[in-house]
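Participant: Just passing along the structure, written as C-alpha cells.
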Amino acid sequence: MKGASEWDRHAPSSAPNPRHTRYHPRWHRERIPIFWWVGHRRYTLFILRELTAVLVLYSGLLLLAQLVAIGRGPESYQAFQGWLAEPWVLALHTFVLLGLIFHTVTWLNLAPKALVLRVGKIRVPPRAVLVGHYLAWIAVSALVAGALVWVAG
Amino acid sequence: MEPVTLKVLRYRPEEEVEPTYQEYEVPCQDNWMVLDALNHVKERLDGTLSYRWACRMGVCGSCGMTVNGTPVLTCATYVEDVLPGPVVVEPLRGFPVIRDLVGDITDFMEKLGRVKPWLIRDEKKSPDEGEYLQTPEEVADYKQYSMCINCMLCYAACPIYELEPDFIGPAAIALAQRYNLDSRDQGEEERMDVLSQHDGVWACTFIGECSVVCPKNVDPAGAIQRYKVSATVDWVRSVLMPGRKP
C-alpha cells in the first residue's frame, strides 16, 4: 500500500490542519467585508439607490416644516423663506434634488421587472411600462408646477 | 495564443487553515473556454486540483465558478474574454468551500425542496382522461422560469444570500414562480407559506445582479418582484374582502 505522501505528491508541505479530520471536515467560509458594495459598479449603484431614500424622507420632512411655518403665521414663514435662501441651504438642496432625481430614475427603471401587465392575451412590452412611468412622472410634475404658477400668479 | 496565467484558489482542508492561490501557466489554444484551461491543468499540470463539471455545453449547471470576480459558467466563458491574465478563478461566493473550487450546495437543495417545485393538483385526472392541455400563451407565462439549470450563479451574485443565509434565494423563488404561473398547477397557496415569509421574497432588496449573471435569461429578480406585487394585491384584497378565497 502506498503511503499518503506518495498519493499527495503535489500537496503543500505545510503542517496538517488540526481542525480538519476525515469525518469532521473543515470547510472554508468566506467572510463578507462591510464594504462589499465598493468596487463593483452595480452593487455601488444599488447602495446609492437605497441611501438616496434618506433624501426622500428629508424632502418630506422639509415640506412638513414648511407647513408648520405657514401655520405659525407670516413672520415665521418669512424666517423659513430666509433660511431657504441661505447659500449653504441652497447648496444642500441642490444636492438633495440630484439625489432625488437619481433615486426616481433608478426606481422607475426597475418598474417593468415588477409590473407585468396584460391586454387580453398579449403582454404589454416592458419598454411600454417604462415609458408609461416616465410619462406619468412628467405629467404629475407638470401638474404640480402648473398649480404652483397658478397659485403664485 | 500566448500562454495564460490562471490564478486558482486552492483550499486543501487537511493541510491548510486558509485558502491560498496557486498560479498555472496554461498554453491556451484559440477559442478555449476557461473550463478547457482548467481541464488542461487537471490533466497535464496538477491532478490534485478539484472542481465540478460535466456537460461542458451550458446545460448541466455544474461548472459555475467566480472568474475575475464575476460568477460564470466556465464552460461558456472564453479565455480570450477574461484576458489580460492572470485569470483569477475562485469558487462561487456564498457557499462553504469543501475543497479548491468545490462548494457545498446542500443549503440550496434543501431550499429548493421547500418551495415544492412540482405540479400540485387538488384533483388529479386519471390517465385515460388525457393530458392537461395548455395554450401557447399559457406556456409562455412560465417558460422563461423553466429554463433554470440550478447552476447557482444567481446565489453567488446575491449579496443578500451571503448576508442573510436564511434567504430562500433567487433560483428557488424563480422555480416556485415557474409552477405558480403554470395553468396546470394549483399549489400557489401551499408555496405562499414559504415565499411570503421574510426569508422568502421580502428579504430581496432588488439588487438585480442575479438576473445579470443568469446564463439562461431566467430573470429571477423579475420573478421575485412579480411575486411581491401579487402577494401585496392578494393581501389588500383579503383586507378589503375578508372571507374571499385568495
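The values are calculated or read from the model by the stated rules, or taken from the named source; none is laboratory data. Everything numeric here is computed off the predicted structure, so don't read it as measured data. For neighbour counting, all protein chains shown are included, and Cβ atoms are generated from backbone atoms with ideal geometry for every residue, glycine included.
Participant: Does the range A:126-153 hold any residues that are assigned to a helix (DSSP H, G or I), of a type outside the set (Phe, Trp, Tyr) and over 30 Å from B:ASP219 (Cβ atoms), and which are they?
Facilitator: Within the range A:126-153, A:SER141, A:ALA142, A:LEU143, A:VAL144, A:ALA145, A:GLY146, A:ALA147, A:LEU148, A:VAL149, A:VAL151, A:ALA152 qualify.
Participant: I need the full set of residues from the range B:176-195 which are in contact with a helix residue (DSSP H, G or I) (Cβ under 6 Å, 6 or more places away or on another chain) and surrounded by 18 or more Cβ atoms within 10 Å (Cβ to Cβ), in order please.
Facilitator: B:ALA176, B:GLN177, B:ARG178, B:ASN180, B:LEU181, B:ASP182, B:ASP185, B:GLU188, B:ARG191, B:VAL194, B:LEU195
Participant: Going through the range A:66-83 one residue at a time, which ones are of a type in the set (A, V, I, L, M, F, W, C) and surrounded by 13 or more Cβ atoms within 10 Å (Cβ to Cβ)?
Facilitator: Result: A:ALA69, A:PHE80.
Participant: Please enumerate the residues belonging to the range B:192-219 that are under 18 Å from A:TRP37 (Cβ atoms) and within 13 Å of another protein chain (Cβ to nearest Cβ). So that I can check it myself, show each step before the final result.
Facilitator: Step one: list which residues in the range B:192-219 are under 18 Å from A:TRP37 (Cβ atoms), which gives B:203-213.
The answer is B:CYS204, B:THR205, B:PHE206, B:ILE207, B:GLY208, B:GLU209, B:CYS210, B:SER211, B:VAL212, B:VAL213.
Participant: Right, next: Hey, could you check the range B:1-18 for residues that are of a type outside the set (Lys, Arg) and under 24 Å from the mean Cα position of the chain (by Cα) and say which is surrounded by the most Cβ atoms within 10 Å (Cβ to Cβ)?
Facilitator: It comes out as B:VAL8.
Participant: Against the condition at pLDDT below 95, within 13 Å of another protein chain (Cβ to nearest Cβ) and surrounded by 19 or more Cβ atoms within 10 Å (Cβ to Cβ), how does B:GLY222 come out, does it pass?
Facilitator: yes
Participant: Name the residues in the range B:127-151 that are within 14 Å of chain A (Cβ to nearest Cβ) and either exposed (fewer than 10 other Cβ atoms within 10 Å of the Cβ) or under 25 Å from B:SER211 (Cα atoms) (or both), would you? Break it down into steps so the answer makes sense when it comes.
Facilitator: First pass over the range B:127-151, keeping only residues within 14 Å of chain A (Cβ to nearest Cβ): B:134-145.
Correct list: B:PRO136, B:GLU137, B:GLU138, B:VAL139, B:ALA140, B:ASP141, B:TYR142, B:LYS143, B:GLN144, B:TYR145.
Participant: Quick one: what pairs do we get from the range A:16-34, first residue farther than 12 Å from B:GLU15 by Cβ, second surrounded by 15 or more Cβ atoms within 10 Å (Cβ to Cβ) and hydroxyl-bearing (Ser, Thr, Tyr), C-beta under 7 Å, 6+ apart or different chains?
Facilitator: Within 7 Å, the pairs are A:HIS28/B:TYR11.
Participant: Also, I was wondering about something else. Which fully enclosed helices (runs of 4 or more DSSP H) of the range B:176-246 have 1 or more residues being over 16 Å from the mean Cα position of the chain (by Cα), free of Cβ contacts under 8 Å to residues at least 24 places away in the same chain and under 21 Å from A:LEU108 (Cα atoms)?
Facilitator: Passing ranges, in order: B:220-240.
Each row is one residue, and each column tells you yes or no for (1) buried (at least 17 other Cβ atoms within 10 Å of the Cβ); (2) more than 14 Å from chain A (Cβ to nearest Cβ).
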| position | (1), (2) |
| --- | --- |
| B:GLU25 | no, yes |
| B:VAL34 | yes, yes |
| B:ARG44 | no, no |
| B:SER50 | no, no |
| B:GLY58 | no, yes |
| B:CYS63 | yes, yes |
| B:VAL67 | yes, yes |
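Participant: Next question, about the same structure. Condition check: modelled with pLDDT of 75 or more and surrounded by 15 or more Cβ atoms within 10 Å (Cβ to Cβ). Does A:LEU55 satisfy that?
Facilitator: On the way: modelled with pLDDT of 75 or more: yes; surrounded by 15 or more Cβ atoms within 10 Å (Cβ to Cβ): yes.
Yes: the conditions hold for A:LEU55.
Participant: Moving to a separate point now. Right, B:LYS124: away from every other protein chain (no Cβ under 14 Å) and more than 19 Å from the chain's Cα centre (by Cα) or not?
Facilitator: yes
Participant: What number of residues within the range B:126-148 are touching a residue at least 12 places away in the same chain (Cβ under 8 Å) and charged (D, E, K, R)?
Facilitator: Qualifying residue count for the region: 2.
Participant: Taking the range B:56-90, which residues are out of contact with any helix residue (DSSP H, G or I) (no Cβ under 6 Å at 6 or more places or on another chain) and of a type in the set (Val, Ile, Thr)?
Facilitator: Step one: of the range B:56-90, the residues out of contact with any helix residue (DSSP H, G or I) (no Cβ under 6 Å at 6 or more places or on another chain) are B:57, B:59-62, B:66, B:69-70, B:72-73, B:76, B:78, B:80-90.
Within the range B:56-90, B:VAL59, B:THR66, B:THR70, B:VAL72, B:VAL82, B:VAL87, B:VAL88, B:VAL89 qualify.
Participant: Right, something else. Is it true that some residue in the range B:28-44 is of a type in the set (Phe, Trp, Tyr), more than 29 Å from A:VAL38 (Cα to Cα) and outside any strand (DSSP E or B)?
Facilitator: yes
Participant: Quick check on my filter: what residues within the range B:69-85 are more than 17 Å from the chain's Cα centre (by Cα), crowded, with 17+ Cβ neighbours inside 10 Å and part of a loop (DSSP other than H, G, I, E, B)?
Facilitator: B:GLY85
Participant: For the range B:1-23, which residues satisfy the criterion of being facing chain A (nearest Cβ under 9 Å) and farther than 25 Å from A:ASN17 by Cα?
Facilitator: Matches in the range B:1-23: none.
Participant: When you look at A:LEU48, is it free of Cβ contacts under 8 Å to residues at least 60 places away in the same chain and touching a helix residue (DSSP H, G or I) at 6+ places or on another chain (Cβ under 8 Å), yes or no? Even if it seems obvious, please write down each step before you answer.
Facilitator: Values: free of Cβ contacts under 8 Å to residues at least 60 places away in the same chain: yes; touching a helix residue (DSSP H, G or I) at 6+ places or on another chain (Cβ under 8 Å): yes.
Spelling it out, A:LEU48 is indeed free of Cβ contacts under 8 Å to residues at least 60 places away in the same chain and touching a helix residue (DSSP H, G or I) at 6+ places or on another chain (Cβ under 8 Å).
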